[in-house]
Amino acid sequence: QVQLVESGGGLVQAGGSLRLSCAASGRIYYINAMAWYRQTPGKQRELVAAITSDGTTNYADSVKGRLTISRDNAKNTVSLQMNSLKPEDTAVYYCNAKGRLLNRNGFDDWGQGTQVTVSS
């Protein structure tokens, strides 16, 4: 199994910045893609940003121009630089990784999440 640990969440005022990080560990052969999702109570988890091993990125329309995803393939980490934060960005942010284990089986795993709260 793959373990994912998020960090960097916290409380920030509107217009402020935070940087989230996620580290993957386990019997990993290759991580094809890593992503950040977020979820608020009573709502479905939604994709915020994703990045593949070759650097291709995908962002939710609501965060384009404000949030930037990046990854370090050698360290199996992914980060989310969050600028110009808005109250509607408040959510629990989850890290996701997809790829293959050393035994060549595929994996699709999630972290426990980190809380981001943006005050108005």
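The values are calculated or read from the model by the stated rules, or taken from the named source; none is laboratory data. From a predicted model like this one, the values you see are computed outputs, not experimental measurements. Quick reminder, even Gly has a Cβ in these numbers, built from the backbone with ideal geometry, and neighbours come from all protein chains shown. The area values use the complete protein model at the heavy-atom level, side chains included, leaving out ligands, DNA and RNA. Shrake-Rupley method; radii C 1.70, N 1.55, O 1.52, S 1.80 Å.
Are any residues in the range 78-109 assigned to a strand (DSSP E or B) and either closer than 17 Å to Thr40 by Cα or aromatic (Phe, Trp, Tyr) (or both), and if so, which ones? Walk me through it before giving the result.
The first filter runs over the range 78-109 and keeps only residues assigned to a strand (DSSP E or B), leaving 78-82, 91-101, 106-109.
Those that are assigned to a strand (DSSP E or B) and either closer than 17 Å to Thr40 by Cα or aromatic (Phe, Trp, Tyr) (or both): Ala91, Val92, Tyr93, Tyr94, Cys95, Asn96, Phe107.
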Residue list for the range 1-46, restricted to those being farther than 17 Å from Lys75 by Cα, open to solvent by 60 Å² or more (accessible area, probe 1.4 Å), part of a strand (DSSP E or B) and out of contact with any Ser or Thr (no Cβ under 7 Å at 6 or more places or on another chain): Glu46
Residues satisfying the stated conditions in the range 56-77, i.e. free of Cβ contacts under 8 Å to residues at least 40 places away in the same chain, open to solvent by 40 Å² or more (accessible area, probe 1.4 Å) and part of a loop (DSSP other than H, G, I, E, B): Thr56, Lys64, Gly65, Ala74
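For the range 110-120, what are the residues that are outside any strand (DSSP E or B) and surrounded by fewer than 18 Cβ atoms within 10 Å (Cβ to Cβ)? Break it down stepwise before answering.
To start, the set of residues in the range 110-120 that are outside any strand (DSSP E or B) comprises 111-113, 120.
Within the range 110-120, Gln112, Ser120 qualify.
For the condition modelled with pLDDT under 95 and basic (Lys, Arg), what is the one hit in Lys75, Lys64? Please lay out each step first, then the result.
Details: Lys64 fails: modelled with pLDDT under 95.
Being modelled with pLDDT under 95 and basic (Lys, Arg) holds for just one of Lys75, Lys64, which is Lys75.
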Tally of residues being crowded, with 16+ Cβ neighbours inside 10 Å, hydrophobic (A, V, I, L, M, F, W, C) and under 15 Å from Met34 (Cα atoms) across the range 78-109: 5
